[in-house]
Amino acid sequence: MPRYWVGLILLGCWLYGSSSAVNAQDSRRLLVGLDGAYATIEDALAIAQEGDTIEVHGGTYAAPLTIDKSVTITGVGNPIIDGHGVGSLVYIRAAHVVFQGFILQNTGTAQHHEDSGIVIEAPHVTIANNQLQNVLYGIFFANAPYGVATGNTIYGWGEEAGLRGDGIRVWYSHRVQLIENEINHSRDTLIWYSDDLVIRDNHFEGNRYGLHFMYNDGAVIEGNTLQDNSVGAFLMYSKNTTLRENIFAYNRGSSGYGLALKDMDDVQAADNFFVGNREGLYLDNSPALIDVYNYFTGNVFAYNDIGVATLPSVQRNVFQDNSFLDNIQQVSMHGREVLSRNIWSQDGIGNYWSDYAGYDRNGDGYGEIPYHSDRLFEQLADNNPTLRLFTYSPAAQAIEFAASAFPVFRPQPKLVDETPRMALKLPAYLEAKQPMVATPLLLTSLLMLGITGGVVLLTIERRRPLVSKHYAPSAIKEDTMITVTQLSKHYGIHPVLQNISFSIAAGESVALWGTNGAGKTTTLRCLLGVQDFEGQIRVNGIDVQRDSKASRAAIGYVPQQAAFYNMTVRQTLKFYARLKRVPHINLDAALAEVGLADHAKKPIKALSGGMKQRLALAISLLANPPILMLDEPTANLDNQGRADFLALVQRLNQAGKTIIFSSHRVDEVMQLATRVLVLRDGQIELDDTPAHFAQHLGQQRYLKVWIPTTHWEQAIAALQASGFSTTPNGAALYVDTLQRLHALQVLATAGVPVENFDIVDHKDKPQ
Amino acid sequence: MIDLKTVWIIGRKELQETLSNKWLIVYTLLFAGLALALSSLSQPDVEFTALASYNRTVASLVNLVLLFVPLIGLLFGATSLASERETGALDYLLAQPVSRIEVLLGKYIGVACALLASLNLGLGTAGIILAWQGAGGDANGYVMTVIMACLLGLAMLSIGFLISALAAKTATAIGGAIFTWLLFVFVGDLGLIGASLVTEMPIQTTLLVALLNPLQLFKMGAIFSAHTSLEVLGPVGLYATDTFDTNFMPLMVASLALWIVIPLLLAQWYFAKRGAA
């Protein structure tokens, strides 16, 4: 019996000792790399027992690594497992493995093998704080429930999103937790047939689908940021899902959903932030089950192209206390129906709408007028998305305006929120934007203002002498200043000038005489080269049709009624001096010469007609041209002005200027002209001296004079007092005399304004 | 041969006159005021909103440009020759030693400088406010938007000059300018919207017809500059960016440049033929 007891005691001691040995081995730390006992992880694994910790120090280790014992493998100093582009890197086939602290890189690229950074094929595995880069698939939970992936960073392989692998794939693995991982540049984080997941505080960026989710009931998705993916999260065929405090930002791929729900039942989405997506929330047949409701509470939809988009069949979604801020389209329906089968206000709590135009009379924070989403263009675009091309177009706004102004055009509201909230409410977890000036934009904008300032500075007059090398006073090149050969001009089929030819020698003063419509002004315009014509004109030796600009440099032109720009007298003179490239000029002296010295600072509009003519004469003289061309220059001057003007022109002629002028005033012709060209019906009737011109006038039978009717009595009295017989008829007086020049002088002496006159033969005389 | 000095002398005079034009002053103040108001609208001061709110503000500025710039460009262009033809000032100017193309170019450059200065003032002021708010967009995109607005302004000015060269009277020219503005801004797009609804026009055709309108060229170019894509313009926008890819912006710029050059050449051809008559 004692032996028996001794045996039992020894057996107990042995068992205790064995047990202690095993416990001691659980806490064993096996070192790989550096000065550790093992060169490879496989060596350490070969002797490791369940519960051991294998500490792997920096260096590069071969793949694939298969972990088939329940150990903890910890990388220290970022050891690398490199697959060199072949197959998967790590297989975990034992439960309760912890794998952490590694860099895993360069998997194979075979989609059909699903080459992955880490393949987990056992439950209760923890993958922590690893960096996976250039991997086809990242972490693959395959029938691996209760797994945890936390603190890992995954950067996928490949450029084309559809050809990449999944950052994380969870496949038939219930109760997996994905926490604080960063998944970038992969295809999707794909989760199928896995219930009761927790997906918390992860960051998904640059992927195709941040989350791609099917047949996973009871998931909790919270605190994640899904940013710049093609689609933030696409959740399908699942129920009892909680989405809380996630940020869906700038997911703008071809679908571009922040969050899409298809056949999702019992969804509770609260305090999520949807910003800058093409479509913030997209609902397709969710909820799918009858009598099931999905709840959206406290979410913010801001600056999306469309805040919430739905398919027509969607119903039983409750939107309460959400905020819709400046989405181009707050809510959209893909198809022809309304959203009234969803609930937009419950228990007196509606949503904030930034385009709500109501008021809160009782101060309870909710508007008194329901919010109607009834924009016509939006509804047209919902039915025909091609029309979104006209977003931001004034035409789209015109349609909205028409719909709001004329209720007949207003569509049936897509939704009605009976108690719209007045104030925007942002989730508390959003961090305040750091106030930081965008320096490049600031500098650019300042540059733009600088350009504006520069343009304004260009207009400031600089005080410097006018100097130019061009168009210096045109030297007289030939004795014959103007030669006109076979000049013809037609307006349509009506001939104005018919094959007229003449020449003007230097120093001549030639009058173009004729009645209105005789062709005087047309001849002058042809000489100036501002009108096309047939025939040839040479001015100072220059062919007008070949180089009208150069020929005009030889001409100083005074029109019948000069029209100037809105400047002062001095500015006007300076402008034309520049244009004529006057080398040096004293503007004040030039103005003094025409009697405008005291008016230099006056605006043009303050000048009388006579002053304007004098200014035109000053301008015509600016470049000291050899030819002066005057088109009925005294037509708008009073007697004194006319006398002064003619005296000035006469002096210029005596100083050597060649002058050509048109007039139908006899006194002007007699005073100024050394030669007269009489035009009649577009032809030169007479080309002779003023004396012969006077005789020519006398050969006509009747003088027909147009005088204002207020002066008729005075005119008739003066003419009769001088022995002329007069006959008033219609608007004119007929004077029956051969001394018509004398008659005109009589009228001029009597101060009778002659508007026009003509010489007519007896056939024109009234009966 | 064109004497650039003469062109600039006329251009500078035109610039002085246009800058002192009360309508331009009113337009500039209105445009700058609205641009300032749009850019100053309070935005939520939280993370993630900077880029989106910036894009929205730029889109509003684009909208503002679409309304104002064509109107002012067309009106100033249309009255440039017609009003002086009516007063006789153009006749007198052409009687000086200048060529018609120098007159036309000078007047165009002068008015263009004034309009672009006005536009820069408005958009530059808005840019400063956006920068001060810490705008999320990059400066290059904003500059490109401003360049597109300038090109649109020049295109409208060219069309205005063509109207001015064709019109006998100022009133006719103004009427023509307003009609053209309505055509580009409203009637053209409304017609296309109607045609698209009735005929279910294919995307390619819709895009092609839309691109005949310089305002659409500007809008698409400006939005592309700010967003770097056109998905906000729906399937047609996506089709445009997919089809033209990296050639999209050069295509928009070149098309707008054609809208500047061709009407101006036509205006010059008609003006040279007609002169001040």
* B:Ile129 passes all but one of (1) modelled with pLDDT under 95; (2) surrounded by 24 or more Cβ atoms within 10 Å (Cβ to Cβ); which number fails? -> (2)
* For region A:725-734, does any single residue satisfy the condition of being surrounded by 14 or more Cβ atoms within 10 Å (Cβ to Cβ), hydroxyl-bearing (Ser, Thr, Tyr) and at pLDDT 80 or above? -> yes
* Structure fact -> Flagged in region A:293-333 as hydroxyl-bearing (Ser, Thr, Tyr) and either under 36 Å from the mean Cα position of the chain (by Cα) or on the phi > 0 side of the Ramachandran plot (or both), in numbering order, are A:Tyr303, A:Thr310, A:Ser323, A:Ser332
* Could you say whether any residue in region B:162-176 is part of a loop (DSSP other than H, G, I, E, B), among the small types (Gly, Ala, Ser) and more than 9 Å from chain A (Cβ to nearest Cβ)? -> yes
* **Selection from region A:618-636 of residues that are modelled with pLDDT under 90 and among the hydrophobic types (A, V, I, L, M, F, W, C)** => A:Leu621, A:Leu622, A:Ala623, A:Ala635
* To do: For region A:381-402, enumerate the residues that are crowded, with 20+ Cβ neighbours inside 10 Å and over 21 Å from the mean Cα position of the chain (by Cα).
  => A:Ala381, A:Asp382, A:Thr386, A:Ile399
* When you look at B:Ala78, is it more than 30 Å from A:Tyr557 (Cβ to Cβ) and either assigned to a helix (DSSP H, G or I) or among the basic types (Lys, Arg) (or both), yes or no? -> no
* Asked: Can you tell me which residues in region A:540-579 are under 22 Å from A:Ala600 (Cα atoms), touching a Pro at 6+ places or on another chain (Cβ under 7 Å) and more than 10 Å from chain B (Cβ to nearest Cβ)?
  -> A:Thr568
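Check whether at least one residue in region A:209-218 is surrounded by 18 or more Cβ atoms within 10 Å (Cβ to Cβ), of a type in the set (Phe, Trp, Tyr), within 31 Å of the chain's Cα centre (by Cα) and more than 20 Å from A:Val314 (Cα to Cα), and report yes or no.
The answer is no, given that none of the residues of region A:209-218 is surrounded by 18 or more Cβ atoms within 10 Å (Cβ to Cβ), of a type in the set (Phe, Trp, Tyr), within 31 Å of the chain's Cα centre (by Cα) and more than 20 Å from A:Val314 (Cα to Cα).
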* To do: Would you point out the residue of region B:198-215, among those that are facing another protein chain (nearest Cβ under 8 Å) and either in a helix (DSSP H, G or I) or of a type in the set (A, V, I, L, M) (or both), that is surrounded by the fewest Cβ atoms within 10 Å (Cβ to Cβ)?
  => B:Met201
* Based on what the data block shows, is A:Ala590 surrounded by fewer than 18 Cβ atoms within 10 Å (Cβ to Cβ), away from chain B (no Cβ under 14 Å) and either hydrophobic (A, V, I, L, M, F, W, C) or touching a Cys at 6+ places or on another chain (Cβ under 9 Å) (or both)? -> no
* To do: Kindly indicate the residue of region B:4-45 that is modelled with pLDDT of 90 or more and acidic (Asp, Glu) and also farthest from B:Tyr108 (Cα to Cα) among those meeting that condition.
  => B:Glu17
* If you go through region A:506-527 one residue at a time, do you hit one that is within 12 Å of another protein chain (Cβ to nearest Cβ) and part of a loop (DSSP other than H, G, I, E, B)? -> no
* Residues that are outside any loop (DSSP other than H, G, I, E, B), within 9 Å of chain B (Cβ to nearest Cβ) and either surrounded by fewer than 14 Cβ atoms within 10 Å (Cβ to Cβ) or among the charged types (D, E, K, R) (or both), drawn from region A:417-442 -> A:Ala432, A:Thr439
* To do: For A:Ser340, state whether it is at pLDDT below 90 and in a strand (DSSP E or B).
  => no
* **Residue list for region A:183-205, restricted to those being modelled with pLDDT of 95 or more and outside any strand (DSSP E or B)** => A:Tyr193, A:Ser194, A:Asp195, A:Asp196, A:Leu197, A:Asp201, A:Asn202
* **A:Lys414 being within 7 Å of chain B (Cβ to nearest Cβ) and surrounded by 15 or more Cβ atoms within 10 Å (Cβ to Cβ)** => no
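Only one residue in A:Tyr237, A:Tyr250 is farther than 19 Å from A:Pro427 by Cβ and among the aromatic types (Phe, Trp, Tyr), so which one is that?
A:Tyr237
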* Asked: Restricting attention to region A:27-49, and to residues there that are within 19 Å of A:Tyr91 (Cβ to Cβ) and part of a loop (DSSP other than H, G, I, E, B), which single residue is nearest to the chain's Cα centre (by Cα)?
  -> A:Thr40
* Filter region B:81-120 for residues that are surrounded by fewer than 24 Cβ atoms within 10 Å (Cβ to Cβ), of a type in the set (S, T, N, Q), in contact (Cβ under 8 Å) with a residue 24 or more places away in the chain and in a helix (DSSP H, G or I) and give the result. => B:Ser83
* To do: State the number of residues belonging to region A:252-268 that are modelled with pLDDT of 95 or more, surrounded by 18 or more Cβ atoms within 10 Å (Cβ to Cβ) and part of a loop (DSSP other than H, G, I, E, B).
  => 1
* To do: Look through region B:17-34, keep the residues that are closer than 17 Å to B:Asn63 by Cα and within 11 Å of chain A (Cβ to nearest Cβ), and return whichever of them is surrounded by the fewest Cβ atoms within 10 Å (Cβ to Cβ).
  => B:Ala32
* To do: Working only within region B:1-16, note down all residues that are within 11 Å of chain A (Cβ to nearest Cβ) and either surrounded by fewer than 19 Cβ atoms within 10 Å (Cβ to Cβ) or among the aromatic types (Phe, Trp, Tyr) (or both).
  => B:Met1, B:Ile2, B:Asp3, B:Lys5, B:Trp8
* Select from region B:142-151 the residues that are at the interface with chain A (Cβ under 9 Å from one of its Cβ atoms) and buried (at least 21 other Cβ atoms within 10 Å of the Cβ) and write down the one among them that is nearest to A:Leu441 (Cα to Cα). => B:Tyr142
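The values are calculated or read from the model by the stated rules, or taken from the named source; none is laboratory data. Quantities reported herein were computed from a predicted structural model and do not represent experimental measurements. For neighbour counting, all protein chains shown are included, and Cβ atoms are generated from backbone atoms with ideal geometry for every residue, glycine included.
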